[in-house]
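What follows is calculated from the coordinates using simple rules that are stated; it is not laboratory data. These numbers were taken from a predicted model, which means no experiment stands behind them. Neighbour counts are summed over all protein chains in view; Cβ atoms, including those assigned to glycine, are modelled from backbone coordinates with ideal geometry.
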Amino acid sequence: MNTATSLPDQTIRSIQITGAQRQLFNSTLDKVAQKTSQDEPTLGVEFPHVTAPDGAWVKMPASLSAGYTGDAWSHGNWLCGFWVGVLLVSYLHTNNQKYLTWARERMRLVAQRAEDPNTHDIGFIFDSSAIPGYTITGDRWYADFALAAADKLRARIITTRGGAYLASWGPLDDPRGRCSSAIDTMANLSLLYWAANYSNDQSYRLAATAHADMTANAFIRADDSTYHAVEYDLVSGERKRGYTFQGAGDESAWSRGQCWAIYGYINSARETGQRKYLDLAERLAHYYVKRLEGRQVPPWDFDATGADAGIKDTAAAAVASSALIELGRLHPDPAAAAAWTERGLATLEALCRDEFANEASHRGLLKNSCYSKPHNDGVRSATMFGDFFFVEALCRVMMPGKFRPQAKTRFDAA
Ligand code: GLY
């Protein structure tokens, strides 16, 4: 086993922030640690999911696995790892051992999900918990869970004549799950890249890049917006249809999906050094910025109409902020790098200033996230994944390289 990346070195660009930004981000991390410490003793064996209209957490056990009941699909508890991640960020910020103890105890409750064969969300669960746990402590106890989970994610690869992709949902012997993939999976590839670096087994990286390539062909529309999900022909690999599960319509631009794609292609660029992924991430980000029309927080779907168009998604903004700060760190062109960093920081500032849940009755960190408008679940709420990507963005700025391995990548000339 080794932890070294095989990629060649390039100077890591450090992120320059103003004194006012430093103060804002630091005081926000103080509040994160405080709220986390207040919530942890109230959770029992369950985990925060989304907040209810009264601001209280709706909780779920980690053991709730994804699966079908008849025709009804449940994502199960794919958010449990994010709580471990927020505890670990609180530890890094405060250096208070209690957060590390809590994170380890919570990890024990999450660990059983490393055997879940039914969902790509295994990437989210362990990338947010076991990988930071290992990065921070160096304890292989964490790494073993992440590697077991990466095996399950790699096993979801479906090979067709036109390429290979990771099936997102469901048991692989169920045709409904086998033929479908979601844009969210791009953000789950981080687990495979980490596993390739950790174990030096490049099959994890091959699975991740095959998926990234097939998604680039099938999910990106002519205007650089993205489909939420694609149903493939299992033999040819042709897209049979693009559709949505949480967006306003099959042809609409679901904002969080766009952000998952940006995030996933930036990670793919960093972990492979392939310029084509960086260029694609940039095109997707340009589309996102264009549709923001000057806002920092997008609507839940850029094509939502009527009153629905006023419903925001701070989780999408948090994912975008984290991704664009990373794009700024990696981009080989200094002017483009500075512009993306500025954009990511501006969003992060807006989230800290305008969307942080300061009221004691509103648990969670960010107000106005939107888990699923079509299912009326977690609308105008805090969501555990939004909170995680928000603190990940804060870490990228305030504690670079402490929360996650920070690979150094040299890109080929464009
Ligand atoms: N399943 C990921 C999301 O709701 O964005």
Cβ-defined net charge surrounding Gln38, 11 Å radius [Lys, Arg +1; Asp, Glu -1]: +1
How would you rank 203-213, 242-252, highest first, on the average number of other Cβ atoms within 10 Å across their residues? 203-213, 242-252
Students often check this: by mean Cβ neighbours within 10 Å, which of 312-322, 138-148 ranks highest, and how do the rest follow? 312-322, 138-148
Using a Förster distance of 25 angstrom, determine the FRET efficiency expected from the C-beta separation of Ser74 and Arg380, and round it to 0.05. 0.65
Helix-only CD estimate at 222 nm, as mean residue ellipticity for the chain, using -39500 (n - 2.57) per DSSP H run (n ≥ 4): -15500 deg cm²/dmol
Shape category assigned to the stretch 42-133 from the gyration tensor of Cα positions, a/c cut at 1.5: oblate
Vicinal HN-Hα couplings computed from phi for the stretch 141-156 (Karplus, 6.51 cos²θ - 1.76 cosθ + 1.60; Hz; Gly/Pro x): 3, 5, 4, 4, 5, 5, 5, 4, 5, 4, 4, 5, 5, 4, 5, 7
Relative contact order of the stretch 182-338 (C-alpha contacts under 8 Å, at least 6 apart) in percent is 20
Environment charge of Trp57, counting only residues whose C-beta is closer than 12 Å and scoring Lys/Arg +1, Asp/Glu -1: -2
From Cα pairs below 8 angstrom and at least 6 apart in sequence, can you work out the relative contact order of the stretch 164-232, rounded to a whole percent? 36
³J(HN,Hα) across the stretch 218-232 via Karplus (A = 6.51, B = -1.76, C = 1.60, θ = phi - 60°), whole Hz, x for Gly/Pro? 9, 9, 8, 7, 4, 8, 6, 7, 10, 6, 6, 9, 10, 9, 9
Output the relative contact order of the chain, whole-number percent, from Cα pairs under 8 angstrom with separation of 6+ residues. 19
In Hz, Karplus ³J(HN,Hα) per residue of the stretch 64-80 (6.51, -1.76, 1.60; θ = phi - 60°; x = Gly, Pro): 5, 8, 6, x, 8, 10, x, 8, 7, 9, 10, 6, x, 8, 8, 9, 4
Looking at Leu348, Gly138, Ser361, which one has the Cα that reaches farthest to the positive end of the dipole of the chain (charges on Cβ: Lys, Arg +1; Asp, Glu -1)? Gly138
Only four residue types carry charge here, +1 at the Cβ of Lys and Arg and -1 at the Cβ of Asp and Glu. Report the dipole size of the stretch 147-300 about the Cα centre in Debye, rounded to the nearest 20. 120
Could you pull out the pairs from Lys31/Lys402; Lys98/Lys402; Lys35/Lys367; Lys373/Lys402; Lys240/Lys290 whose alpha carbons sit more than 24 Å apart here? Lys373/Lys402; Lys240/Lys290
Gyration tensor verdict on the chain (Cα atoms; rounded if a/c is under 1.5, prolate if a/b is larger than b/c, oblate otherwise): rounded
The set of residues whose placed amide H lies less than 5 Å from the amide H of Val58, leaving out same-chain residues fewer than 5 positions away, is His49, Val50, Thr51, Ala52
Förster-model FRET efficiency, 45 Å R0, Thr159 and Ser27, C-beta, rounded to 0.05: 0.35
Below 15 angstrom from the Cβ of Ala111, what's the summed charge of the other residues (Lys, Arg +1; Asp, Glu -1)? -1
C-alpha center-to-center spacing [the stretch 66-83, the stretch 280-311] in angstrom: 27
Charge dipole magnitude, Cβ of K and R +1, D and E -1 - the chain, Cα centre, debye nearest 20: 740
